[in-house]
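*Asks:* Structure provided below as structure tokens; questions to follow.
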Amino acid sequence: MPTLNKLSINLAKQAKTRDIADFFAVGVDAKKRAEQFSLSAAGLYLDYSKQNINEEELIQLLQWAQASGLAEHRQAMFSGEKINHTENRAVLHTLLRAPDEVKQKILPADLAAEVLAAENNMASLVNDITTGKKKTITGQKFTDVLAIGIGGSFYGIKVGLSALNAYQKTGLKVHVLANVDGKALVEKLALLPIETTLVVVISKTFTTQETLLNAQAVKDWMLATYNNEQIIEQHWLAVSSNITLAQQFGISAENVLPMWDWVGGRFSIWSAVGLPLALAIGMENFLAFKQGAYQLDQHFLSAPFETNMPVILALLGIWNRNFLDYSALAILPYDHALRALPGYLQQTDMESNGKSVNHQGEALNYVTAPIVFGQEGTNAQHAFMQLMHQSDEIIPTDFIVALSGDENYPEHHQILMANCFAQAEALMKGKSLAEVTKELEALALSAKDIAKLAPHKTMKGNTPSNTLLMDKLTPQALGALLALYEHKIFVQGALWQINPFDQWGVELGKALGKDILQAMDELSDTTPFNEKLSASTQKLIALYNRVKKNLSQ
Ligand code: F6P
């Protein structure tokens, strides 16, 4: 397979000295570019005409993708081959949003039956809890749900709850608790009516330190009020692939909803991990969310690469990262309801493709995942957009907007849209010294003052961006949006020849955390520090131990 290196020698030479705005200069058939460099799929519309790429360069990238075995790798994923080779696992989160007959075709009969049963059980639970058929220990309807989980056992729920806030019609208030910091726990417990709270512990491994500590604290909190293990039986559920550990925690097997090893944590919102979201928006909307993702899957599987939205997004990302050497990617949803999307995509993208060895374990001689960051617009304009406009860093940006917003405030929505489109235009066009000078002359500033001020007001422009539109932020649109990025990341991983589905990089921090915890528990400045820890860390532990010691006296 032709690796990245073969391509990059000359392909980007012209782009590196090109001004994107020239694609829209007077006299150029700019309308054609705006039309040609856009795509529709599963209710999403992508405008990528503000990218620093021309037709010939894109064709070269597409030919490379064709020659790279990408289609075969895509087929391998959807058909259940163990493409997550370092963990010897298949990658089949897409199956969870596919029709039953596809599950029965791909999975062995018994496993397919288990998956279908789990989905039916989840639907029954949502029905029983939202209708009040499943009651609290005091015979009431549940009013609140606390989902305890972190990483992929948290971000999907969080982005779903905020994005589909307008669809939260069941009346249940769903809260999420992720961080081990007691401040997060105190904040949540203060909101929870203990008598009518359902707790869902979500952990694929059921070994994650933060989740287990939080779950134990909430369990102690409940038992302190209800000194009766029956409350765990009636008020607690778990979602995990490790039923034994969930049972050891005190949750009976029939209250554990299964997860499977072929569903990665950061791709698990489509499984019973989505239970808290379904409890908030109802099963009908949750199924619509999955349907939107399925429609994007079908587009990804069937569209020719040149009109395949995940493939185009992926190639543009590689073009910016590896050919134009841009190290970051800004995710700017101009939609308050999508404010959790940047955080969700940080895990989906950086935990998947933040790697540096290929499938054979050989060091790569090119970089991979970009540094993903972002926040909702227009807030971003009052935070980091200054750097994006006037520093030397060129930061490719994905603008994401819903064309219809809150119907009560159409004027607000119009201003939000205008700001979004303006930022994309400004990042592309910038403002030259000549333009600034002309503006200042029109203000009748002296030549001396103009000469002094003008350089400080120029903007580099030439920043590439995508604008991703949807008519309305519905459950279907959200499903399609998340699936789009999942597949973009899959395509990039395939082309970078890395495994996007393991995450060995999180292990070292966890292991060192255990050593440091032990050093802290010894609670003495003179403790013979564990030689594994640097003097810097040893000093920090000593400072912590001193405060802890004073607090305990
Ligand atoms: O961030 C590391 C990670 O393993 C993620 O991949 C996962 O989503 C998260 O921790 C939580 O893991 P678990 O669901 O097993 O608690």
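*Asks:* Within the group TYR366, TYR326, which residue is in a loop (DSSP other than H, G, I, E, B), in contact with a Leu (Cβ under 8 Å, 6 or more places away or on another chain), of a type outside the set (S, T, N, Q) and away from the ligand (no atom under 16 Å from the Cβ)?
*Replies:* Residue meeting the stated conditions: TYR366.
*Asks:* Right, something else. Does any residue in the stretch 252-275 that is modelled with pLDDT of 95 or more come within less than 7 Å, Cβ to Cβ, of a residue that is aromatic (Phe, Trp, Tyr) and away from the ligand (no atom under 11 Å from the Cβ) six or more places away or on a different chain, and which pairs are these?
*Replies:* As it stands, the answer is ASN255/TRP236; GLY274/PHE286, since those pairs meet every condition given.
*Asks:* Within the stretch 206-224, take every residue that is within 15 Å of the ligand (Cβ to nearest atom) and free of Cβ contacts under 8 Å to residues at least 40 places away in the same chain and give me the one that is surrounded by the fewest Cβ atoms within 10 Å (Cβ to Cβ).
*Replies:* Residue satisfying both the conditions and the ranking: THR207.
*Asks:* Take residues that are among the β-branched types (Val, Ile, Thr) and tell me which of the helices (runs of 4 or more DSSP H) falling wholly in the stretch 29-92 contain 1 or more.
*Replies:* So the answer is 55-67.
*Asks:* Restricted to the stretch 100-133, and to residues that are farther than 13 Å from TRP260 by Cβ and touching a residue at least 24 places away in the same chain (Cβ under 8 Å), which residue is surrounded by the most Cβ atoms within 10 Å (Cβ to Cβ)?
*Replies:* VAL126
*Asks:* Right, GLY182: more than 16 Å from the ligand (Cβ to nearest atom), modelled with pLDDT of 95 or more and out of contact with any His (no Cβ under 7 Å at 6 or more places or on another chain) or not?
*Replies:* It is true that GLY182 is more than 16 Å from the ligand (Cβ to nearest atom), modelled with pLDDT of 95 or more and out of contact with any His (no Cβ under 7 Å at 6 or more places or on another chain).
*Asks:* Ok, one more. Looking only at the stretch 225-250, which residues are assigned to a helix (DSSP H, G or I) and within 13 Å of the ligand (Cβ to nearest atom)?
*Replies:* Step one: of the stretch 225-250, the residues assigned to a helix (DSSP H, G or I) are 225, 230-235, 243-249.
Across the stretch 225-250, the qualifying residues are LEU245, ALA246, PHE249.
*Asks:* On to the next question. Which of the residues that make up the stretch 332-347 are within 16 Å of the ligand (Cβ to nearest atom) and either surrounded by 24 or more Cβ atoms within 10 Å (Cβ to Cβ) or touching a residue at least 40 places away in the same chain (Cβ under 8 Å) (or both)?
*Replies:* ALA340, GLY343, TYR344, LEU345, GLN347
*Asks:* Does the stretch 502-518 contain at least one residue that is assigned to a helix (DSSP H, G or I) and farther than 24 Å from GLU210 by Cα?
*Replies:* No, because not a single residue in the stretch 502-518 is assigned to a helix (DSSP H, G or I) and farther than 24 Å from GLU210 by Cα.
*Asks:* Taking the stated definitions as given, is ILE450 over 29 Å from THR474 (Cα atoms), of a type in the set (A, V, I, L, M, F, W, C), at pLDDT 95 or above and not in a helix (DSSP H, G or I)?
*Replies:* no
*Asks:* I'd like to know if the stretch 141-163 contains one or more residues that are exposed (fewer than 14 other Cβ atoms within 10 Å of the Cβ) and either within 16 Å of the ligand (Cβ to nearest atom) or not acidic (Asp, Glu) (or both).
*Replies:* Looking for residues that are exposed (fewer than 14 other Cβ atoms within 10 Å of the Cβ) and either within 16 Å of the ligand (Cβ to nearest atom) or not acidic (Asp, Glu) (or both), one finds none in the stretch 141-163, hence no.
*Asks:* Which residue, of VAL201, VAL180, is in contact with a Ser or Thr (Cβ under 9 Å, 6 or more places away or on another chain), within 22 Å of LYS141 (Cα to Cα) and outside any helix (DSSP H, G or I)?
*Replies:* It is VAL201.
*Asks:* Hey, another quick one. Quick one: THR205 ticks every box in (1) over 24 Å from the mean Cα position of the chain (by Cα); (2) farther than 20 Å from LEU277 by Cβ bar one, so which box is it?
*Replies:* (1)
*Asks:* Oh, and also: TRP504 passes all but one of (1) of a type outside the set (S, T, N, Q); (2) under 30 Å from the mean Cα position of the chain (by Cα); (3) surrounded by 12 or more Cβ atoms within 10 Å (Cβ to Cβ); which number fails?
*Replies:* (3)
*Asks:* What number of residues within the stretch 185-205 satisfy the criterion of being crowded, with 23+ Cβ neighbours inside 10 Å and within 11 Å of the ligand (Cβ to nearest atom)?
*Replies:* Of the residues in that region, 4 qualify.
The values are calculated or read from the model by the stated rules, or taken from the named source; none is laboratory data. Everything numeric in this text was worked out from a predicted model, so none of it was measured. In this analysis, Cβ positions are derived from the backbone assuming ideal geometry, glycine residues included, and neighbour counts consider all displayed protein chains.
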